[in-house]
Every structure is written in structure tokens, then in C-alpha cells.
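Worksheet: the structure to be examined is printed underneath.
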Amino acid sequence: MKVDLVKKAMDLVLYALSILILIIILFYLIKLIFDLKDVVLAFPPSNKTMSKAVEEVLNLFVLIEFFRGTLSYFDFDRIKLSYIADAAIVFVLREVMIATFYHKLDFKMAMAYSVVVLSIIVLRTLTIIYTPDLNKPVRLKKTRQEK
């Protein structure tokens, strides 16, 4: 009984969250269209206008990844760690691109971002290898019986 109540509450919260994220994505798209209109009308665009447009596009990618993660819950009845790792990779790469665009990426930060991205990629790889799907087990090594 408690499990059903928790599952229904989780479904309701994630359903509301997915609708909210979808609305935010639509507003971002509309805002991005108006920003791009300003970029086109003010040709050649200033650095400030261009950097704002780049940030908005990258924010949109992060929101789309979070939306994919919430939708995966309705397909699998669980939140897949691989979608969370994908969103984290997109977010970190967004930060790297923005820091590079503003010429504020020094060597230490580049190394720190590299370590973070590498660890998230390792996590993402482990989610593929150790999938909880019992119908499709993934093996890396042959057992002694198979040799």
C-alpha cells in the first residue's frame, strides 16, 4: 500500500516536472528566436549579443537532456543513471564552452574539467556494462566454462 502511494506520488511529481521543463524549453526557444532576430538585424553582431545567444543555445541543450531524463522514468519506471550522466556531461561541456568563449579557461580549470568529464564518462560506461536489465546481461570476460 505504501509502495503504491510512493510510486503514485513520484509519478505525479515527475509528470509535473516534465511539463514544467517542457514549458521552460518552449519559452527558451521563443526567447532564442527573438535573440537570433536581434543578431541578424544588428549584423555584424556585437560580442555581447553573440555571447548571449551562445549561452542560450547551450542552456537549451542542458534543459533538453533533463527533459529526456524525466521522460525516461515513464518508460522504465526508474530514473536511469545513464541519462543523469548524459545531462552532467552536457552541463560540464557547456561550462567549458562558455569559459573558452570568454577566454577565461586557464590550465588548472581545463585539467579540472577534464577530470570531471572523464569520471562522468567512466560512470556512464559502468551504467552500460552493469545494466539492471535482466533480459540482456552484458559480459566483458569469458567465464572458465566458456573457454
How high is the relative contact order of the chain, in percent, counting Cα pairs under 8 Å that sit 6 or more residues apart?
18
So how tilted is helix 107-129 from the main axis of the chain? Cα-based, degrees 0 to 90, rounded to 10.
40
Let's see if you can work this out: charge +1 on each Lys and Arg Cβ, -1 on each Asp and Glu Cβ, no other charges. What is the dipole magnitude of region 2-129 about its Cα centre, in debye to the nearest 20?
140
What do you get for the angle between helix 81-101 and the principal long axis of the chain? Use alpha-carbon atoms, 0 to 90 degrees, nearest ten.
20
Going by Cα centres, region 18-40 and region 53-101 are how many Å apart?
16
Using alpha-carbon positions, the gyration tensor of region 42-119 gives root eigenvalues a ≥ b ≥ c; with a/c under 1.5 called rounded, otherwise prolate if a/b exceeds b/c, else oblate, the class is oblate
As a quick test, which of the pairs 52/80; 80/108; 48/104; 31/108 have an alpha carbon distance above 27 angstrom in this structure?
52/80; 80/108; 31/108
Two-decimal Rg to Rh for the chain - Kirkwood Rh, Cα set
1.11
Return one number: the angle in degrees, 0 to 90 and rounded to the nearest 10, between the long axis of the Cα atoms of helix 2-41 and the longest principal axis of the Cα atoms of the chain.
30
Under the helix-only model (-39500 (n - 2.57) for each DSSP H run of 4 or more, divided by the residues of the chain), the mean residue ellipticity at 222 nm, to 500 deg cm²/dmol, is -28000 deg cm²/dmol
I'd like to know which of 26, 50, 9 lies farthest towards the positive end of the charge dipole of the chain, counting +1 on Cβ of Lys and Arg and -1 on Cβ of Asp and Glu.
9
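Any read-out appearing in this document is the output of simple, stated calculations on the displayed coordinates, not a laboratory observation. Being a predicted model, the structure only gives us computed values, none of them experimental. Reconstructed Cβ throughout: ideal geometry from the backbone, glycine too, with neighbour counts over all protein chains shown.
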